[in-house]
Amino acid sequence: MSERALTDSVDETSSRGYPRAFDTILYGGLAVGVLDGLAAAINSGLRGISPLRVFQYIASGLIGRDSYNGGWITALLGTLLHFIVAFGVAAAFYFLARNFRRLLDHPFITGPLYGIAIYFVMANIVSPLSQAAQGPFSWTGLITGIIIHMLFVGLPVALIAKWSARQA
(Lines give C-alpha, C1' and ligand atoms only; values in the text may rest on other atoms or scores of the structure.)
Protein backbone atom coordinates (compact mmCIF):
# COMPACT_ATOMS: atom_id res chain seq x y z
CA MET A 1 0.00 0.00 0.00
CA SER A 2 1.41 3.38 -0.94
CA GLU A 3 2.02 6.05 1.66
CA ARG A 4 -0.64 8.23 0.00
CA ALA A 5 -3.27 5.46 0.17
CA LEU A 6 -2.37 4.80 3.80
CA THR A 7 -2.70 8.50 4.61
CA ASP A 8 -6.05 8.72 2.80
CA SER A 9 -7.39 5.76 4.78
CA VAL A 10 -6.58 7.33 8.15
CA ASP A 11 -9.64 8.47 10.06
CA GLU A 12 -10.48 12.15 9.59
CA THR A 13 -10.07 12.77 13.33
CA SER A 14 -6.42 11.80 13.41
CA SER A 15 -5.56 13.98 10.41
CA ARG A 16 -7.17 17.09 11.86
CA GLY A 17 -5.82 19.38 14.54
CA TYR A 18 -7.38 20.20 17.85
CA PRO A 19 -9.85 23.06 18.02
CA ARG A 20 -8.21 26.34 18.95
CA ALA A 21 -9.25 27.71 22.34
CA PHE A 22 -9.55 31.33 21.20
CA ASP A 23 -11.74 30.56 18.18
CA THR A 24 -13.95 28.01 19.89
CA ILE A 25 -14.51 29.98 23.08
CA LEU A 26 -14.75 33.49 21.64
CA TYR A 27 -16.73 32.78 18.48
CA GLY A 28 -18.65 29.90 20.04
CA GLY A 29 -19.54 31.99 23.08
CA LEU A 30 -20.63 34.93 20.96
CA ALA A 31 -22.72 32.70 18.68
CA VAL A 32 -24.37 30.92 21.60
CA GLY A 33 -24.97 34.18 23.47
CA VAL A 34 -26.57 35.91 20.49
CA LEU A 35 -28.56 32.95 19.15
CA ASP A 36 -29.82 31.71 22.52
CA GLY A 37 -30.60 35.27 23.63
CA LEU A 38 -32.59 35.93 20.46
CA ALA A 39 -34.42 32.62 20.80
CA ALA A 40 -35.31 33.40 24.42
CA ALA A 41 -36.48 36.91 23.54
CA ILE A 42 -38.57 35.72 20.57
CA ASN A 43 -40.03 32.74 22.44
CA SER A 44 -40.96 34.97 25.38
CA GLY A 45 -42.23 37.70 23.05
CA LEU A 46 -44.69 35.21 21.56
CA ARG A 47 -46.09 34.90 25.08
CA GLY A 48 -46.25 38.67 25.60
CA ILE A 49 -43.05 39.02 27.64
CA SER A 50 -40.64 41.80 26.66
CA PRO A 51 -36.92 41.19 26.02
CA LEU A 52 -36.21 43.59 28.89
CA ARG A 53 -38.08 41.23 31.22
CA VAL A 54 -36.23 38.19 29.84
CA PHE A 55 -32.84 39.64 30.72
CA GLN A 56 -34.09 40.98 34.06
CA TYR A 57 -35.14 37.40 34.81
CA ILE A 58 -31.58 36.26 34.13
CA ALA A 59 -30.29 38.97 36.48
CA SER A 60 -32.78 37.79 39.10
CA GLY A 61 -30.73 34.63 39.37
CA LEU A 62 -28.03 36.75 40.99
CA ILE A 63 -29.92 39.57 42.72
CA GLY A 64 -33.40 38.15 43.20
CA ARG A 65 -36.76 39.81 42.58
CA ASP A 66 -35.27 43.32 42.86
CA SER A 67 -33.96 42.85 39.32
CA TYR A 68 -37.46 43.58 37.97
CA ASN A 69 -37.29 47.09 39.49
CA GLY A 70 -33.90 47.92 38.02
CA GLY A 71 -34.94 48.81 34.46
CA TRP A 72 -32.27 48.70 31.79
CA ILE A 73 -29.43 48.40 34.32
CA THR A 74 -30.56 44.99 35.53
CA ALA A 75 -31.41 43.93 31.96
CA LEU A 76 -27.80 44.77 31.03
CA LEU A 77 -26.60 42.77 34.04
CA GLY A 78 -28.74 39.86 32.82
CA THR A 79 -27.23 40.21 29.35
CA LEU A 80 -23.73 40.14 30.82
CA LEU A 81 -24.57 37.05 32.90
CA HIS A 82 -26.12 35.40 29.85
CA PHE A 83 -22.92 35.89 27.85
CA ILE A 84 -20.75 34.67 30.74
CA VAL A 85 -22.73 31.44 30.73
CA ALA A 86 -22.50 31.27 26.91
CA PHE A 87 -18.70 31.57 27.03
CA GLY A 88 -18.67 28.90 29.76
CA VAL A 89 -20.72 26.58 27.55
CA ALA A 90 -18.29 27.14 24.66
CA ALA A 91 -15.28 26.61 26.93
CA ALA A 92 -16.71 23.35 28.26
CA PHE A 93 -17.26 22.07 24.71
CA TYR A 94 -13.72 23.10 23.78
CA PHE A 95 -12.27 21.08 26.67
CA LEU A 96 -14.49 18.11 25.85
CA ALA A 97 -13.43 18.25 22.20
CA ARG A 98 -9.76 18.45 23.20
CA ASN A 99 -10.17 15.20 25.13
CA PHE A 100 -12.70 13.48 22.85
CA ARG A 101 -11.85 14.59 19.32
CA ARG A 102 -14.57 12.35 17.91
CA LEU A 103 -17.05 15.01 19.06
CA LEU A 104 -15.88 17.01 16.05
CA ASP A 105 -16.58 14.28 13.50
CA HIS A 106 -20.37 14.61 13.57
CA PRO A 107 -21.28 18.07 14.88
CA PHE A 108 -24.89 17.74 13.68
CA ILE A 109 -25.27 14.89 16.16
CA THR A 110 -22.89 15.78 18.99
CA GLY A 111 -23.85 19.46 19.02
CA PRO A 112 -27.58 18.92 19.59
CA LEU A 113 -26.79 16.21 22.18
CA TYR A 114 -24.51 18.67 23.95
CA GLY A 115 -27.32 21.24 23.80
CA ILE A 116 -29.68 18.77 25.49
CA ALA A 117 -27.11 18.15 28.22
CA ILE A 118 -26.68 21.90 28.74
CA TYR A 119 -30.46 22.34 28.96
CA PHE A 120 -30.71 19.79 31.77
CA VAL A 121 -27.70 21.21 33.63
CA MET A 122 -29.23 24.70 33.45
CA ALA A 123 -32.75 23.54 34.37
CA ASN A 124 -31.82 21.12 37.15
CA ILE A 125 -28.63 22.54 38.66
CA VAL A 126 -27.94 26.17 37.75
CA SER A 127 -31.48 27.60 37.91
CA PRO A 128 -32.46 25.88 41.18
CA LEU A 129 -29.26 27.16 42.81
CA SER A 130 -30.00 30.71 41.68
CA GLN A 131 -32.40 33.23 43.19
CA ALA A 132 -34.59 33.24 40.06
CA ALA A 133 -38.22 32.27 40.61
CA GLN A 134 -38.97 28.78 39.35
CA GLY A 135 -42.19 28.40 37.37
CA PRO A 136 -44.34 25.29 37.27
CA PHE A 137 -43.38 22.35 35.05
CA SER A 138 -44.69 22.53 31.49
CA TRP A 139 -44.24 20.00 28.69
CA THR A 140 -44.33 22.83 26.17
CA GLY A 141 -41.60 24.67 28.07
CA LEU A 142 -39.49 21.52 28.32
CA ILE A 143 -39.75 20.70 24.61
CA THR A 144 -39.21 24.30 23.51
CA GLY A 145 -36.21 24.65 25.83
CA ILE A 146 -34.64 21.45 24.57
CA ILE A 147 -35.12 22.43 20.91
CA ILE A 148 -33.67 25.90 21.52
CA HIS A 149 -30.64 24.42 23.28
CA MET A 150 -30.12 21.81 20.55
CA LEU A 151 -30.24 24.30 17.67
CA PHE A 152 -28.96 27.54 19.21
CA VAL A 153 -26.52 26.35 21.87
CA GLY A 154 -25.06 22.92 21.10
CA LEU A 155 -25.07 22.97 17.33
CA PRO A 156 -23.34 26.33 16.79
CA VAL A 157 -20.57 25.64 19.29
CA ALA A 158 -19.94 22.18 17.79
CA LEU A 159 -19.79 23.60 14.26
CA ILE A 160 -17.44 26.39 15.36
CA ALA A 161 -15.18 23.90 17.19
CA LYS A 162 -15.03 21.72 14.06
CA TRP A 163 -14.23 24.77 11.91
CA SER A 164 -11.56 25.81 14.41
CA ALA A 165 -9.95 22.35 14.33
CA ARG A 166 -9.75 22.50 10.54
CA GLN A 167 -8.00 25.87 10.77
CA ALA A 168 -5.39 24.52 13.19
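Please specify each residue of segment 107-124 satisfying the condition of being under 18 Å from SER164 (Cα atoms) and among the polar types (S, T, N, Q).
The answer is THR110, and nothing else.
Would you confirm whether any residue within segment 154-168 is in contact with a Gly (Cβ under 9 Å, 6 or more places away or on another chain), within 25 Å of ILE63 (Cβ to Cβ) and open to solvent by less than 60 Å² (accessible area, probe 1.4 Å)?
No, segment 154-168 contains no residue that is in contact with a Gly (Cβ under 9 Å, 6 or more places away or on another chain), within 25 Å of ILE63 (Cβ to Cβ) and open to solvent by less than 60 Å² (accessible area, probe 1.4 Å).
Which members of segment 41-78 meet the condition of being open to solvent by 30 Å² or more (accessible area, probe 1.4 Å), within 15 Å of THR144 (Cβ to Cβ) and not charged (D, E, K, R)?
Within segment 41-78, ILE42, ASN43, GLY45, LEU46, ILE49 meet the criteria.
Against the definition (out of contact with any strand residue (DSSP E or B) (no Cβ under 9 Å at 6 or more places or on another chain) and under 30 Å from GLN167 (Cα atoms)), how does VAL32 come out, yes or no? Steps first, please.
Details: out of contact with any strand residue (DSSP E or B) (no Cβ under 9 Å at 6 or more places or on another chain): yes; under 30 Å from GLN167 (Cα atoms): yes.
Spelling it out, VAL32 is indeed out of contact with any strand residue (DSSP E or B) (no Cβ under 9 Å at 6 or more places or on another chain) and under 30 Å from GLN167 (Cα atoms).
Which one of ALA97, ALA117 is small (Gly, Ala, Ser), in contact with a Pro (Cβ under 7 Å, 6 or more places away or on another chain) and closer than 27 Å to TYR27 by Cβ? Step through it out loud before you land on a result.
On the way: ALA117 fails: in contact with a Pro (Cβ under 7 Å, 6 or more places away or on another chain).
The conditions single out ALA97.
So HIS106 clears everything in (1) buried (at least 17 other Cβ atoms within 10 Å of the Cβ); (2) under 18 Å from the mean Cα position of the chain (by Cα) except one condition, right? Which one?
All conditions pass for HIS106, except number (1).
The values are calculated or read from the model by the stated rules, or taken from the named source; none is laboratory data. For clarity, every value in this text was computed on a predicted model and none was experimentally measured. Note that each Cβ is placed from the backbone with ideal geometry, even for glycine, and that neighbours are counted across all protein chains shown. Each accessible area value is taken on the protein alone, full model and side chains, heavy atoms only, with ligands, DNA and RNA left out. Shrake-Rupley method; radii C 1.70, N 1.55, O 1.52, S 1.80 Å.
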